[in-house]
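Participant: Take a look at this one; I'll ask things after.
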Amino acid sequence: MESKAMALYLAASINIPACRNALSKELVYGDRDELFYSDASRYLYIFRYGVVSFFGYAENEISEILMEIKPFCEEWRQSDITETMDMELVSDREKATIDHDKVILPKSNVEGIRLALLHLSQSVALDYFAGLSEQAMKETRQHTTYLEQKGKLDLGGKKLKRHIAKVLNINNQISENLYIFDSHEVVWEDMELDRLDKGLKQIFDLKERYRNIKEQGIVIKENLSLFMNIMDHRESSRLEWIIIILILVEVVDLFIMRLIS
């Protein structure tokens, strides 16, 4: 059976326990972060970080499943961030193979199918987080350009803190939800799955894309650290001037009192 596997970004997060209670499909694997279902050679994979992947479902069936999942999604957005992968399940094959961008798997290799859908989903998640990271980088670049041209920051204390919090939240989401460099537990004791795992990571260029996002985050954090230092220096200078002015007022007041007396 040849078909396209598809993953799409649906929401900021999905309530996994609620989905588990609501969906009446055969659950192959489930924990607090993900649910993997099998339904007559069709497969559904749901992730807490808002990505859902399918294999073997028709478009109308996918739409129906999305409507089932929607009530358990936080910040439902069903964005244009989707990705597909050619995948074929065959009965006369013992080992999984990757032919260019096509994955060929034995029908009996359910864990291999799960692994393929996992990496497809991670790729979509990377696209989403790369977009967030690029937006944060663009905003940070605007502030550094203003600093270069004007010699001062265009960010006040509260605005700067909100920008820092936004960047930290992006980095936290990436760290919590993506395990690109960690092999999935299903490959630890299976050399065949380990080989498939490495091949899929190479197809989707997951490690390099993940590394680029992390490095971009480091650059942004360094810029924000500089902004904080500038703001602290500005606040310190303001306090020094306030103290100087208070001392001057006190001296003038004392001088006037002596003149009057």
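Participant: Taking the 0 to 90 degree range and rounding to the nearest ten, how far is the long axis of helix 59-69 tilted relative to the main principal axis of the chain, both from C-alpha atoms?
Facilitator: Result, in degrees: 50.
Participant: Considering amide H positions built from the backbone, and no H for Pro or chain starts, which residues 5 or more places from Val28, or on another chain, come under 5 Å of its amide H?
Facilitator: Close amide H contacts, sequence-distant or interchain: Phe36, Tyr37, Ser38.
Participant: How high is the relative contact order of the chain, in percent, counting Cα pairs under 8 Å that sit 6 or more residues apart?
Facilitator: Details: 325 pairs, mean separation 45.4, N = 261.
With pairs under 8 Å counted, the relative contact order is 17 percent.
Participant: Kindly put Thr140, Thr84, Thr145 in sequence by how many other C-beta atoms sit within 10 Å of each C-beta, fewest to most. Could you put the intermediate results ahead of the total?
Facilitator: On the way: Thr140 20, Thr84 15, Thr145 11.
The fewest-first ordering by Cβ neighbours comes to Thr145, Thr84, Thr140.
Participant: Give me the log10 of I(q) over I(0) for the chain at q = 0.15 Å⁻¹, as the Debye formula computes it from C-alpha points; what are the numbers?
Facilitator: Here log10 of I(q) over I(0) equals -1.06.
Participant: Now a separate question. When only Cα pairs under 8 Å and 6 or more residues apart are kept, what is the percent relative contact order across segment 26-120? Intermediate values should be presented prior to the final figure.
Facilitator: Values: 109 pairs, mean separation 16.6, N = 95.
Relative contact order here is 17 percent.
Participant: Where the only charges are on Cβ atoms (+1 Lys, Arg; -1 Asp, Glu), what is the dipole of the chain about its Cα centre, to the nearest 20 debye?
Facilitator: On the way: 33 positive and 43 negative charges, 269 e Å.
Value, rounded to 20: 1300 debye.
Participant: Follow-up. Whole angstrom only: what separates the Cα centroid of segment 136-167 from the Cα centroid of segment 1-73?
Facilitator: One Cα centre to the other: 39 Å.
Participant: Another one. Does segment 84-178 classify as rounded, prolate or oblate by the C-alpha gyration tensor (a ≥ b ≥ c root eigenvalues; a/c under 1.5 gives rounded; else a/b over b/c gives prolate, otherwise oblate)?
Facilitator: Details: a/c = 7.03, a/b = 3.44, b/c = 2.04.
It is prolate, given that a/c is not under 1.5 and a/b is the larger ratio.
Participant: Let me ask another. Kindly identify segment 2-86 as rounded, prolate or oblate by the Cα gyration tensor criterion: order the square roots of the eigenvalues as a ≥ b ≥ c, call it rounded if a/c is under 1.5, otherwise compare a/b with b/c, prolate if a/b is larger, else oblate. All intermediate terms of the calculation are to be shown ahead of the outcome.
Facilitator: Numbers: a/c = 1.62, a/b = 1.13, b/c = 1.43.
Oblate, since a/c reaches 1.5 and b/c is not below a/b.
Participant: Can I ask one more? Angle check, please: helix 191-203 long axis (alpha carbons) against the longest principal axis of the chain (alpha carbons), in degrees 0 to 90, nearest 10.
Facilitator: The angle comes out near 50 degrees.
Participant: A 29 angstrom limit on the alpha carbon distance is what I want to check against. Which of Lys166/Lys207; Lys70/Lys95; Lys102/Lys207; Lys70/Lys207; Lys150/Lys207 exceed it?
Facilitator: Working: Lys166/Lys207 24 Å; Lys70/Lys95 37 Å; Lys102/Lys207 19 Å; Lys70/Lys207 31 Å; Lys150/Lys207 39 Å.
The answer is Lys70/Lys95; Lys70/Lys207; Lys150/Lys207.
Participant: Helix 157-177 against the longest principal axis of the chain: what's the angle in degrees, Cα atoms only, rounded to the nearest 10?
Facilitator: 20 degrees
No value in this document is a laboratory result; all are computed from the given coordinates. These numbers come from a predicted model, not from an experiment. Please note: Cβ atoms are built from the backbone with ideal geometry, for glycine as well, and neighbour counts cover all protein chains shown.
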